[in-house]
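The structure under discussion appears below in the form of structure tokens.
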Amino acid sequence: MRKKRVAVFISGEGTNLQSLIDASLAENYPAQITLVVSNVAKAGGLKRAEQAGIANVTVEHQHFDTRREFEALIHTVTLLPRHLGSPKCVNV
């Protein structure tokens, strides 16, 4: 089975992320986590991603004038592959 490549958005310790990582190790799980994005630089989930060998990045909302601008960026980034016709985009 070809797995869908997905990004996971976190802001905390990453217990839900860990559950997804563990599940994704199963051969029949339909997704591979390829990126973890956090809006909190010290989120524990980033360490979990690193330990699992998953690329991770922090995009802190404090660097934007409004929360709405931050959310617009995240929305744009998540929809960009579909807009460009990428077959690897997954709606989550």
### Message
Using amide H atoms built in the peptide plane, which far-off residues or other-chain residues are under 5 Å from Gln32 H to H?
### Response
Lys4, Arg5, Val6
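Which shape class applies to region 4-83: rounded if a/c is under 1.5, otherwise prolate when a/b exceeds b/c and oblate if not, where a ≥ b ≥ c are the square roots of the Cα gyration tensor eigenvalues? Write out the running numbers ahead of the final one.
Numbers: a/c = 2.77, a/b = 1.44, b/c = 1.93.
Judged from the Cα gyration tensor, region 4-83 comes out oblate (a/c at least 1.5, b/c at or above a/b).
No lab work stands behind these numbers, since they all come straight from the coordinates. Computed from a prediction, not measured in an experiment: that's the story for all the values here.
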